[in-house]
Structures are given as C-alpha cells and as structure tokens.
Amino acid sequence: PTGPVPKIIDTIANMLPHAALPPPVKPIPQPTISTQPAEVVDQGLVNFIKKMEGFTAKAMWDYKQYSIGYGTKANSATEVITEPEALARLTIEVNKAYQLVKPILPAGTPIGIEQALVDLTYNAGSGWETQSLGAAVKASKWDTVKADILQYNHAGGVVNAGLTARREAEVGWFNAPL
C-alpha cells in the first residue's frame, strides 16, 4: 500500500519503543497421540496380553474401571480407539509395569519370573509388591512366588476362570519363558 496513511503508521511504529511491543504470538503445538508402539520390553509378553485381552475398540466396564483396546484404562466410558492406538497404549503400559517390577527383582531373576510379574502388574496393578508376594520376590523364594501369584485370580471378590488361567500361564513361564 502506498499513500500517506501507511507512512504515518510506519512512522508512529518506529517512534514507539520496541520493548513496549508484545512479543509475537507463537502457535501452541497441539499434542499428538502416536499410533506407533513404544519400545517394547518383551514382544512375547505383548503378544500374550493381546491374546488374553482381545481387542475392544469401545470402552467397556471391567470390574473396577472402563477398559479399552487390549485391557488398558479408557479415558472415558464413551471412548473409541483404533487398533494401532490400542497397541501403542498396550506397549506403554507394559513398559510402565516393567519399570515398577524391575527395582524389586533380585539380580539374576529368571526371565520367565520377570515376565510373570510384569504381566501380573499390567493386569492387576502393583499392590502385590507390598504384600507377601513382594517379600517372596525380594528374597528369591520362587516356590512361594509361584504359589502367591496363583492367589491373584479374583475379580469383584469372586474367583474368575479367566484370571485363574492367566495366573497358571504366568507360573508356567518360571521354567518355560515366553
């Protein structure tokens, strides 16, 4: 543009102290949800969990929470996700479970026992770490650990056949890792 008005505006703008001008507004980047799986601690364990949990695109009530995908906690009762997003969430949660288990494992813990404890933590939480199971793990009392894991087969206060099968699979890994 030409003429006296733009020149007057430029002149006034040049007369103002530059410190008085607000900094330019930068757009705030929006978070993106990756559909790529996180680094996997144990692909065999991820495959086992996928098989046990099955894929559910829509959030469903699961005893104490809404679950989605491959058994991860849903963000809402109405959430819907894709299978790639479910896999990404699964691998993130398996890694979180591993990070909770790793500090209490004695050096030289067999991989199958590690896998069993990571799956138990993914499925039932880490409360076991402060119970008799946690003490048995810290003391490397593997027969006690095996017996204690089998006790985590209740849902809603009732023995659950699916959880019983899952716990039996986990203790089977003590001698035959995934």
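Miscellaneous remarks
- Among the chymotrypsin sites (Phe, Trp or Tyr not before Pro) in region 44-99, those placed in a DSSP loop whose Cβ has at most 16 other Cβ atoms within 10 Å are 55, 63.
- Annotation for region 42-144: trypsin sites (Lys or Arg not before Pro) lying in DSSP loop with at most 13 further Cβ atoms inside 10 Å of their Cβ are 64.
- Amide H contacts under 5 Å for residue 56: 69, 70, 71, restricted to partners 5 or more places along the chain or on a different chain, H placed in the peptide plane at 1.01 Å from N.
- Separation of the residue 130 and residue 150 label points, Cα + 7 Å toward Cβ, nm: 2.8
- Label zone of residue 55 (point 7 Å out along Cα→Cβ, amide N under 19 Å): in region 70-113 this covers 70-75, 79-94.
- Applying 0.36 nm per residue to the separation of residue 83 and residue 96 and subtracting their alpha-carbon distance, the gain on full extension is 2.7 nm.
- FRET efficiency, residue 62 to residue 140 (Cβ-Cβ, R0 45 Å, nearest 0.05): 0.85
- Proximity of backbone amide H atoms, modeled 1.01 Å from N, is registered between residue 66 and 74 at under 5 Å, excluding neighbours fewer than 5 places apart on the same chain.
Every read-out reported here was derived from the displayed coordinates using simple, explicitly stated rules and does not represent laboratory data. Here the structure is a predicted model, which is why all the values come from computation and not from measurement. Ideal geometry is used to build each Cβ from the backbone, glycine not excepted, and the neighbour counts take in all protein chains shown.
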